[in-house]
Amino acid sequence: MRAWPLLLLLLSTAASAASPGDVAAWLGARDGHSAATLRPERVVPWVGGDRVRLAYTAGGVPVEGWDRVVVLDRDGQPRRATGRALRLDRVLGARDLSASQAADIATRTVGRLGTGSLWPARATPVVFVRRDGVARQAWAVDASTGSPAATWHLVVDAQDGTVLDTRPTTFAADGEVYPGSPVTSDLARVSLPDLDDTGALHGRYAETVSCDDWQIEDSLFGSSRCFATSHHAAPDTGGNYLFDPDPASFHDPFAEVQLYYHLDLVSRWFEDRFGFVHDRPMRGIVNFPMTNAFYGDFDGDGQGDVSFGQSDDGVDFGYDPDVVYHEFGHSVVEGISTLGFLAADDLGMDWAGGALNEGTADAFSMLITGDPHLGEYAGTTGGGTVIRDVSTPRRCPDDLQGESHADGEIWGSLVWALMDDDRVGPELTADLVYGAVATWTSHTGWSEAGTSLLASADDLVDAGLLDAEGRAAVAEHVAAANLVDCERIVSLDDGATPSMLLLNLGMGGDFTEIPGEVEYAIQVPADAWGMQFEVTDFATKSDELGWNLYVRRGEPIAFDPVDLAPFGVALAKPATWDDEAHGTGPAIYELTPDTDPPLQPGATYYFALTSANLGGIEVLQPAWGKATVRASLIEPEHRGGCACDTSGPSAGWLSVLLLVFVRRRRVSAS
């Protein structure tokens, strides 16, 4: 079940347009399926040609984990399909477990992530298909935790009760991430359109309430539970809602008015621009203590809502239009795509799904405001300033950091570059982004996202809406961001000093360490005498978090994705490397003719960092660290000496040598 269902919009009624059933038949015939195995799930109207999302069925049961999108031209005829074809020879397992048993398993599973629940778990029969195409009888279960408040979608094997997949169905934005605008505008008297006759802020597109009874955990994931709500804003005798701002108060009627106005605005923008509309007014919740804002189902009614807390220093995130548009943007991404969040592969952890979700939410906000600065008001909490400025170009993989909001700036900066380019501009950029996102599947990563933008540009060209210069501009900006060819390996050849976030979940066994999102590489010249890889800085609030370094010559370090049972999340563990080292702070790894292994001039060396649990991190209590690295060559005259790069930071560098590595050589591992 989707966390926020999209109103199913009909295809064009033109006689020549293909019906959703026709589209299913076309794709089924192309892939070698009968039309009965594919069913239209939703149609996303788009100016350059609608996008029809199709889901598979097996024996009349919905299939999870696999979907397709067919792109239509403006005449309603199929052009191409995204996603991978599915061929089900057989479905493994039997449906031995009942729905209630599957719900109990899901409840116990998420019970390890929190306490209590927002509502009883709900189970429906599905067939679950893994990435390798193996299908099993299963139950899809929507479950929740009360503290921290969160919602989850799990897939439980219908035969043995194994949790096959788990994903969060809420998206959170930290208060220091999502910006505000009260610092850039003055109060103005405006109309609040489409209010109904209930005497409260409830209308066609939006409803705003205050939280009166809450349980708050202002943690890393910024979650909350609201037990009861009411309307604090009541009209005066003239029917107007005229209040003074009081952002530090939990009984602030102005917050409801401010939020209603901007929820109505963003809802109208999406309907007028794309025909996207939710099937009920978007509910907004304000007036509770939390330095955060989030999208998800936190009142347990099975529908998505947006909620905005207040920081300890009196910054109310419901005042901030950028934050409102961003959180609403998550509901749109949820409504028109099946984008994933976190994956693991042979290079480590891949945050592309979550980053594209966050970057698209930022993009929608920018498309409405026309401003690349996000966070002018919300960023003032704690004495800060603007939180994100995506006017500066970002590039993949150089600017990947291993955190979805930071990585999302790559997509956000690309969107801003298109908006700011006269050959494209904001209007066509909006069409490009919406058309691309509507083709994203659960397997979409950086390369697929870049390709989808180019394909949407082609669609607009064919529709006569984008000219050749505009198409060339899209190609230039996608190439500048290096999306299509992005491999998560960052070159250190030119003295780059990238930073990366390392996460640890306090677990043991295969999950004692969790790799970062990128690997690093340096090409050693044929006449080089020595080379060093430096962890120039390691910042963390946890005394129990360290790092591990893996080194390999000639090829990237290989990682094996491993399922984190019973949560259905894939993490990655190191599988093949040549050498390893460990540390808790700044340190230097050297290769010279005298080290074991010795340096091989002319070779390319690869480095990968993982987090390390030193033993005191509590299970599922995330600890974060930020490592900054660089690589440099060692001149022969430094032999037997400091092995420092004197062209870089020098103060205190001799003391770095006191942080001696524990080194072990490793040729390969299973």
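Where a number appears in this text, it was derived from the coordinates with a stated rule and is not lab data. Computed from a predicted model, the values in this text were never measured in an experiment. All Cβ positions, even for glycine, are placed from backbone atoms using ideal geometry, and neighbour counts span all protein chains on display.
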What spacing in nm lies between the two simple spin-label points modelled at ASP96 and ALA463, each 7 Å away from Cα in the Cβ direction?
5.1
Any idea what the dipole of the chain comes to, in debye rounded to 20, about its Cα centre with Lys/Arg Cβ at +1 and Asp/Glu Cβ at -1?
2220
For the stretch 301-364, list log₁₀ I(q)/I(0) at each q in 0.13, 0.14, 0.18 Å⁻¹, using the Debye formula over Cα point scatterers of equal strength and ignoring solvent, two decimals each.
-0.48, -0.54, -0.77
For the stretch 48-109, what does the equivalent ellipsoid look like in terms of its semi-axes, each the square root of 5 times an eigenvalue of the Cα gyration tensor, given largest first in whole Å?
34, 14, 9
Taking N as its residue count, the alpha carbon Rg of the stretch 96-170 over 2.2 N^0.38 Å:
1.04
Round to a whole angstrom and tell me the spacing of the C-alpha centers of the stretch 275-294 and the stretch 572-636.
43
In the chain, what percentage of the DSSP-assigned beta bridges are antiparallel, given to the nearest 5?
90
Phi-derived 3J(HN,Hα) across the stretch 543-550 with the Karplus relation (6.51, -1.76, 1.60, θ = phi - 60°), rounded Hz, x for Gly and Pro, is 6, 9, 10, x, 9, 10, 10, 10
Cα gyration tensor shape for the stretch 482-558, rounded if a/c is under 1.5, else prolate or oblate:
prolate
Give me the one-decimal nm value for the distance between modelled label points at GLU635 and ALA480, 7 Å along each residue's Cα-to-Cβ direction.
3.8
Can you work out the FRET efficiency for the pair SER19 and THR392, with r the C-beta to C-beta distance and R0 = 45 Å, to the nearest 0.05?
0.45
Send over the Kirkwood Rh of the chain, from the inverse of the averaged 1/r over different Cα pairs, rounded to one decimal Å.
26.6
So, counting K/R as plus one and D/E as minus one, what does the shell of residues with Cβ under 13 Å around THR451 add up to?
-3
How much length is gained if the chain between GLU555 and VAL183 is pulled fully straight, taking 0.36 nm per residue apart and subtracting their Cα-Cα distance, in nm to one decimal?
128.9 nm
Chain lengthening between LYS541 and SER191 when straightened (0.36 nm per residue, less Cα-Cα)
121.3 nm
Let me have the 222 nm mean residue ellipticity of the chain computed from DSSP H runs of 4+ only, each contributing -39500 (n - 2.57), with the sum over all residues rounded to the nearest 500.
-7000 deg cm²/dmol
Please name which of ALA472, PRO40, ASN292 has its Cα lying farthest along the dipole of the chain towards the positive end, using unit charges on Cβ (Lys, Arg +1; Asp, Glu -1) and the Cα centre as origin.
PRO40
From the gyration tensor of the Cα coordinates in the stretch 20-82, what semi-axes in whole Å does the equivalent ellipsoid have, largest first, with each one equal to sqrt(5λ)?
20, 12, 9
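Restricting things to alpha carbons, find the Rg to Rh ratio for the stretch 209-338 using the Kirkwood radius for Rh.
Rg/Rh for the stretch 209-338 comes to 0.96.
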